[in-house]
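Colleague: Sending over a structure as C-alpha cells; questions will come in a sec.
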Amino acid sequence: MRKRRILALLLCLLLLSACGGEMIPPPPEEPDIPQEAPPEPSGEPGEPEEPQPPEEAEDPRTAAEEAALKALLEDMTLAEKAGQLFFVRVPAENAVEDVIAYHLGGYILFGRDTKDKTAGGLIQTIRSYQEAAQSIPLLIGVDEEGGTVVRVSSNPHLRSKKFSAPGRLWRSGEEGRLALEAEAEERALLLKRLGFNVNLAPVADVSEDPSDFIYDRTTGGNAQDAALYASKMVVCQSLYGLGSVLKHFPGYGNNKDTHTGIAVDDRPMETFLERDFLPFQEVIGKKELLPRPAVLVSHNIVTCMDPDLPASLSPEVHRILREDLGFDGVVMTDDLAMDAVKAYAAEGNAAVLALQAGNDLVVTGDYRTQIPRVIQAVKDGTLEESVVDAACLRVLRWKLELGLLELAEDGTLERNFQIWN
C-alpha cells in the first residue's frame with residue numbers, strides 16, 4: 001500500500017500542480033548498466049525473434065492486503081459486518097457507547113456536532129469515538145463543500161471565515177480558480193488535523209441555471225467545468241489521504257430539494273450520457289487515485305433508468321454506475337431520513353432495500369432500528385449474506401486506502417493509531 005500510495009501521489013502531483021503549487025519534475029533516467037550478452041536465438045539464422053510482451057508482476061503487497069482483508073472479513077460476526085455498513089449521524093446521546101454496541105462503520109458530524117467547539121475540543125471528541133471503535137477505526141465524515149454547506153468553517157473557533165462557494169470562485173476566472181484550489185488544500189489539511197478522514201464533497205452535479213435547487217453548490221458551469229472542478233478537488237484531497245465523496249449520482253439536474261419531498265427527473269438518457277455522467281466518469285477514470293473516492297447516490301426518481309424507485313434504492317441505477325461507468329469503489333446512499341424515500345421503504349426497511357439495491361454504506365440517523373433489521377433480513381433470507389460481505393469488503397478496503405488500517409508484519413490488518421493520534 002505504501003508503494004502504491006507514493007506512486008499515486010507523484011502521479012497526482014504531476015497531473016495537478018499540487019493544488020496550486022509548483023509542478024514536480026519527473027525523476028531522472030537511470031544510467032545504463034552493462035548486461036550479460038543475451039542467449040543466441042533459437043530460430044533459423046537471420047530470422048528475427050518475435051518480441052514477447054513483458055509480463056506484469058502482481059504487486060505482492062496488494063495480494064497480501066487483499067488476503068488480509070478477506071481474512072479479517074471471515075473473522076467478523078454478522079453483527080460486526082452489518083454495523084460496518086452504516087455511516088451515520090452522531091446521536092445526541094450515547095455516541096461513544098453506540099460505536100461499541102452497533103459496531104458502527106463511521107460517524108458523520110453535522111453543524112450541531114461542531115458548533116461552538118474549539119479545535120482541541122473537537123479533536124478530543126473525535127478521538128473518543130475512535131478509541132471506542134477498538135480494532136476497526138471509524139470513518140469520520142463531514143459535509144464541508146464551501147458556500148452554503150459548511151459544517152466546520154461555519155464555526156469561527158475552527159476557521160476565521162467560511163470556505164467560499166465553489167461556483168463563485170470558479171466563475172470569477174483564473175485567479176478565482178487558483179484561490180479555489182488553495183482553499184481546497186487548506187480545507188483538506190484542516191479536516192485531517194481535526195480528525196476527519198472523509199469529506200462528503202465535491203458536488204459533481206451540472207447546473208447552469210441559477211433557479212435550480214442545486215445551483216449554488218455547483219460550479220454553475222457546463223459538464224466540462226463540473227468534471228474539471230470535481231477532478232481537481234478529489235486529487236487535492238487524496239494528496240492528504242482525505243477521502244472524497246462524489247455527489248449526487250446520477251446527477252441532480254434541475255430537480256427540487258429531496259429533503260422535503262419526492263423529486264421526479266423526466267430527462268432522457270441522452271442528457272445523462274452527454275452531460276450528467278461526465279464529471280463522475282472523469283474522476284472514476286483516474287484509477288491511480290488513492291484513496292479512491294466514494295460515490296453518493298441521490299433520492300431522485302430518474303424515470304429513464306427506473307420509473308418506480310428513488311435512485312438510492314434502485315438496482316438499475318447501481319448497475320449503471322457499476323457496469324456502464326465501471327465504478328468498483330464504495331457507493332453510499334444520501335441520507336435515508338429525507339422525506340423523498342420514506343414512502344418507498346416498506347415497513348421501515350430502508351437500509352435493507354438500500355443494500356439490496358447495491359449500496360455499500362447506508363447514511364442514516366435511524367441506525368438503532370435499521371442495523372437489527374439488516375441482521376434479521378440476513379437470518380430470514382430476505383438479504384443474502386454474500387451481499388453484506390461484498391459491501392463490507394469494499395468498506396474495509398476503503399479504510400485501508402485511507403490509512404485507517406495497515407498491513408502488519410504477520411500479514412494481518414491492524415488499526416493505524418498514527419493516522420488520528
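Colleague: What is the magnitude of the charge dipole of segment 274-372 about its Cα centre, with +1 placed on the Cβ of each Lys and Arg, -1 on the Cβ of each Asp and Glu, and no other charges, expressed in debye to the nearest 20? Kindly include the intermediate steps, with their values, before the conclusion.
Modeller: Values: 8 positive and 16 negative charges, 54 e Å.
With only Lys, Arg, Asp and Glu charged at Cβ, the dipole is about 260 debye.
Colleague: Something else: What distance in nm separates the simple spin-label points at Gln376 and Lys161, each placed 7 Å from Cα in the Cβ direction?
Modeller: 5.3 nm
Colleague: Of the peptides 90-96, 216-222, how do they stack up when ordered by the mean number of other Cβ atoms within 10 Å, highest first?
Modeller: 216-222, 90-96
Colleague: State which entries of Lys162/Lys247; Lys192/Lys379; Lys232/Lys379 exceed 32 angstrom in Cα-Cα distance in the structure shown.
Modeller: Over 32 Å apart, Cα to Cα: Lys192/Lys379; Lys232/Lys379.
Colleague: Over segment 202-361, give the accessible area per residue in Å² for a 1.4 Å probe, as an integer.
Modeller: Details: 5180 Å² over 160 residues.
Each residue of segment 202-361 exposes 32 Å² on average to a 1.4 Å probe.
Colleague: While we're on this one: Please give, to one decimal in nm, the separation of the simple spin-label points placed at Ser154 and Leu228, each 7 Å out from Cα toward the Cβ.
Modeller: Reported label-point gap for Ser154 and Leu228 is 3.1 nm.
Colleague: So for segment 309-391, taking the charge dipole from beta-carbon charges (+1 Lys/Arg, -1 Asp/Glu), which of Gly358, Leu321, Met338 sits furthest toward the positive end?
Modeller: Met338
Colleague: Here is a follow-up. Using 0.36 nm per residue of separation minus the Cα-Cα distance, give me the extension gain between Ala119 and Arg171 in nm, one decimal.
Modeller: Full-extension gain reported as 15.5 nm.
Colleague: Here is a follow-up. Using only the Cα atoms, what convex hull volume per residue in Å³ does segment 65-194 have?
Modeller: Expressed per residue, the convex hull around the Cα atoms of segment 65-194 is 128 Å³.
Colleague: If you don't mind, another one. At R0 = 22 Å, how high is the FRET efficiency between Asp339 and Arg112 if r is their beta carbon distance? Nearest 0.05 is fine. Let's see the in-between values first.
Modeller: Working: r = 20 Å, r/R0 = 0.91.
Once the sixth-power term is evaluated, E becomes 0.65.
Colleague: Of all DSSP beta bridges in segment 70-203, what percent run antiparallel (nearest 5)?
Modeller: In segment 70-203, approximately 20 percent of DSSP beta bridges are antiparallel ones.
Colleague: Relative to the present Cα-Cα distance, how much length would full extension add between Ser135 and Glu323 at 0.36 nm per residue of separation? Please report the intermediate quantities before stating the final value.
Modeller: Values: separation 188, 0.36 × 188 = 67.68 nm, distance 3.32 nm.
Extending this stretch completely gives an extra 64.4 nm.
Colleague: Go from 0 up to the bin containing the longest alpha carbon distance in segment 191-244, width 5 Å each, and give me the % of pairs per bin.
Modeller: Final binned percentages: 4, 22, 24, 18, 15, 11, 5, 0.
Colleague: How charged is the neighbourhood of Pro156? Take every other residue with its Cβ under 10 Å from the Cβ of Pro156, and add Lys/Arg as +1 and Asp/Glu as -1.
Modeller: Spelling it out: positives minus negatives among the neighbours equals +2.
Colleague: For a quick protection proxy, order the peptides 106-114, 347-355 by their average other-Cβ count within 10 Å, most packed first.
Modeller: Sorting 106-114, 347-355 by mean packing, highest first, produces 347-355, 106-114.
The values are calculated or read from the model by the stated rules, or taken from the named source; none is laboratory data. Because the structure is a prediction, the values reported are computed rather than measured. Cβ: placed from backbone, ideal geometry, glycine included. Neighbour counts: every protein chain shown. Just so you know, the surface numbers come from the protein's heavy atoms only, side chains and all, with ligands and any DNA or RNA stripped out. Shrake-Rupley method; radii C 1.70, N 1.55, O 1.52, S 1.80 Å.
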